[in-house]
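Colleague: Quick one: this structure, given as structure tokens, is what I'll be asking you about.
What follows is calculated from the coordinates using simple rules that are stated; it is not laboratory data. For clarity, every value in this text was computed on a predicted model and none was experimentally measured. Virtual Cβ from ideal backbone geometry, glycine too; neighbours counted across all protein chains shown.
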Amino acid sequence: SKSLSDEENLKLFGKCNNPNGHGHNYKGKRLAAVLTQIDPVSGMVINLTDLKEYMQEAIMEPLDHKNLDKDVPYFAEVVSTTENVAVFIWENLKKLLPVGILYKVKVCETDQNIVVYKGEETISE
């Protein structure tokens with residue numbers, strides 16, 4: 001965090017504190033957007049082809065193979081924690097998906113560090 005001293009960053013972020021950054025390999029199974037409101041005619045929440053396109057635009061294009069802190073403008077002022085990655089994904093998907101369809105975003109940094117974000121509600125699992 002730019003607002004903390006080197007000592008405060010080390011204490012707060014531990015091994016994840018590195019002035020040159022550190023990486024995580026988020027894979028498709030580690031990112032999930034859960035949608036609601038099944039259409040009674042199609043029996044689907046959303047056409048999967050459309051959903052893949054939305055996820056490509058909202059998640060893969062801005063984040064895939066990127067240094068979040070240096071390559072993604074959103075993270076220039078926001079600390080790139082898993083919680084904030086979930087918020088970023090939520091905000092991007094919400095812009096693209098039909099209103100009211102997005103229920104939650106789940107991001108797994110590791111098997112033990114999982115964040116679920118539901119708009120203003122964040123849950124650590």
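Colleague: Considering segment 67-125 alone, what residues qualify as being in a strand (DSSP E or B), hydrophobic (A, V, I, L, M, F, W, C) and farther than 25 Å from I38 by Cβ?
Modeller: Result: C108, I114, V115.
Colleague: Could you count how many residues in segment 52-85 are hydrophobic (A, V, I, L, M, F, W, C) and closer than 16 Å to K106 by Cα?
Modeller: Total satisfying the criteria: 6.
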